[in-house]
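For reference, the structure discussed in these notes is given below.
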Amino acid sequence: MRESTTRTNGPKEISWPEKSEAMRDISTTLNSALADMFTLYFKTKNFHWHITGSHFRDYHLLLDEQADQIFAATDAVAERVRKIGGTTIRSVAHIASLARLRDSNQDNVTPIEMLSDLHRDNERLTAYLREAHLVCTDYADVASASLLETLIDDSEKRTWFLVETTRETDGAH
């Protein structure tokens, strides 16, 4: 097999049996994204459980749907890390050490604050996923890049729903 090389005008070639640098860099970026996804999942479920107010049912269902989507995606990311020969997250402490997003332990958060906080975190997650995508494309890892493209689209959709849900209405359409 060929060794990993860098072409002057293109992505690095991966020789998966010789994965060292590529496997390490891709595993690291995917594990960081995975930690952020778990953090966002728990925050979304926290707000789902604690939401109150006149829009309770709508917000409760929206957050449950979003949490389910995030959680479902975690398995694909962790399995991708394993497919390329890396190791993945092993514990809650490991998640906490890698996560760039922060959880929320506040009492008495208003529904609008919850939705706005999740909006910001989904935007940040989208940015982190885009950074991970660049790492994967740099190594011509099309499978990881493709997975990340789907996750970026899902994160953008969650952000859109949160923006529209919190938009002030003025009666205009």
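The values are calculated or read from the model by the stated rules, or taken from the named source; none is laboratory data. Keep in mind that what you see is a predicted model, and the values were worked out from it rather than measured. Cβ atoms come from the backbone with ideal geometry, glycine included; neighbour counts cover every protein chain shown.
Here is a check on your reading of the model: is Leu62 modelled with pLDDT of 95 or more, surrounded by 15 or more Cβ atoms within 10 Å (Cβ to Cβ), within 15 Å of Asp154 (Cα to Cα) and not aromatic (Phe, Trp, Tyr)? Yes; evaluated as a whole, the condition is true for this residue.
So, of the residues in the range 86-106 that are of a type in the set (Val, Ile, Thr) and touching a residue at least 24 places away in the same chain (Cβ under 8 Å), which turns out to be surrounded by the fewest Cβ atoms within 10 Å (Cβ to Cβ)? Residue satisfying both the conditions and the ranking: Thr87. Identify all residues within the range 67-118 that are closer than 30 Å to Glu21 by Cβ and outside any helix (DSSP H, G or I); write none if there are none. Ile84, Gly85, Gly86, Thr87, Thr88, Ile89, Arg90, Ser91, Ala99, Arg100, Leu101, listed by residue number. Determine, yes or no, whether His60 is over 18 Å from the mean Cα position of the chain (by Cα) and within 16 Å of Phe42 (Cα to Cα). Yes; evaluated as a whole, the condition is true for this residue. Within the range 19-29, can one find any residue that is assigned to a helix (DSSP H, G or I) and in contact with a Leu (Cβ under 8 Å, 6 or more places away or on another chain)? Within the range 19-29 (the criterion being assigned to a helix (DSSP H, G or I) and in contact with a Leu (Cβ under 8 Å, 6 or more places away or on another chain)), the answer is no, since none of the residues qualifies. If you check Leu151, Leu125, Leu147 for being in contact with a Ser or Thr (Cβ under 6 Å, 6 or more places away or on another chain) and either of a type in the set (Val, Ile, Thr) or touching a residue at least 24 places away in the same chain (Cβ under 8 Å) (or both), only one passes: Leu125. Only one of the listed residues (Arg24, Arg57) is surrounded by fewer than 18 Cβ atoms within 10 Å (Cβ to Cβ), basic (Lys, Arg) and without any contact (Cβ under 8 Å) to a residue 12 or more places away in the chain. That residue is Arg57.
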